[in-house]
Amino acid sequence: AVQLAQGELRRLSATVVTWVANKATILPGLLIGLIITLISTFFICSEFDVIREFFRRQIPERYRGLAGETWLTFGRTLGRMLSSYLLIMCITFCELAVGFTILKLDYAVVLAGLVSLVDILPVLGTGTVLIPWGLIALLLGQWGQGIGILLLYGMVTVVRNILEPRIIGKRIGLHPLVTLIFMYLGLHVLGLPGMFLF
């Protein structure tokens with residue numbers, strides 16, 4: 001039994017060492033990427049007008065007005081979308097903070113902040129945290145907390161699905177149904193960037 005345990009321990013340590021070594025080989029590439037990003041950001045910021053003028057010269061003169069207007073519209077739309085999602089995140093935070101407080105959870109406001117940050121990510125959402133949490137609470141026999149968390153998840157999801165297309169559509173100037181369709185298409189075609197782009 002001792003030899004078996006020692007063999008398992010050797011295999012486990014070899015696996016851990018291999019995993020750490022593989023991760024360590026990634027570090028130089030990450031460090032170089034970070035340095036290049038910082039230097040590029042510095043040069044782009046210091047020479048922004050020159051770079052913008054260079055790209056403007058690459059566009060045929062007859063399309064420059066249209067390109068400039070498109071760029072401004074895209075910037076305005078992106079800004080409105082980001083502010084809309086910030087508003088949605090604040091609403092989710094308030095719902096979660098009130099719900100966690102009613103459920104008498106410790107650090108209700110901190111937990112609400114963390115879950116609302118996860119919620120703003122379309123791939124994850126509140127369900128990533130609240131569904132497992134509620135199910136684990138039920139399995140542990142904490143019926144009140146488990147049911148409360150699952151009900152809170154349902155309420156947050158319904159409110160978000162109602163408000164998201166309305167808030168974003170109103171700020172961008174599109175009908176909520178059109179906004180919802182294109183957000184859904186963008187998410188499935190290009191992921192998170194596609195949601196904003198579409």
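The values are calculated or read from the model by the stated rules, or taken from the named source; none is laboratory data. These figures come from a predicted structure and were not determined experimentally. Areas reflect the complete protein model, heavy atoms only, side chains present, ligands, DNA and RNA absent. Shrake-Rupley method; radii C 1.70, N 1.55, O 1.52, S 1.80 Å.
Couple of notes before you dig in:
- Overall form of the stretch 27-97 per C-alpha gyration tensor (a/c, 1.5; a/b vs b/c): oblate
- Both radii come from the Cα set of the chain: Rg as radius of gyration, Rh as Kirkwood radius; their ratio Rg/Rh reads 1.13.
- For the chain, a Gaussian network of Cα nodes joined below 10 Å ranks 49, 119, 106 by mean-square fluctuation, and the top entry is 49.
- In the full protein context, the chain carries 71 Å² of accessible surface per residue, based on a 1.4 Å probe and ignoring ligands, DNA and RNA.
- Gyration tensor (alpha-carbon) shape descriptor, the stretch 75-137, a/c threshold 1.5: oblate
- Helix 127-139 axis, angle to the chain major axis (alpha carbon atoms, nearest 10°): 20 degrees
- Note on residue 158: accessible area approximately 80 square angstrom, rounded to 10, probe 1.4 Å, nucleic acids and ligands left out.
- Across the stretch 1-135, the relative contact order, built from alpha-carbon pairs under 8 Å that are at least six residues apart, equals 12 percent.
- For the stretch 40-53, 3J(HN,Hα) computed residue by residue from phi via the Karplus equation (6.51, -1.76, 1.60; θ = phi - 60°) reads 4, 4, 4, 5, 5, 5, 6, 10, 4, 5, 5, 5, 4, 5 Hz, glycine and proline entered as x.
- Value at 222 nm in deg cm²/dmol, rounded to 500, when DSSP H runs of n ≥ 4 in the chain each add -39,500 (n - 2.57): -31500 deg cm²/dmol
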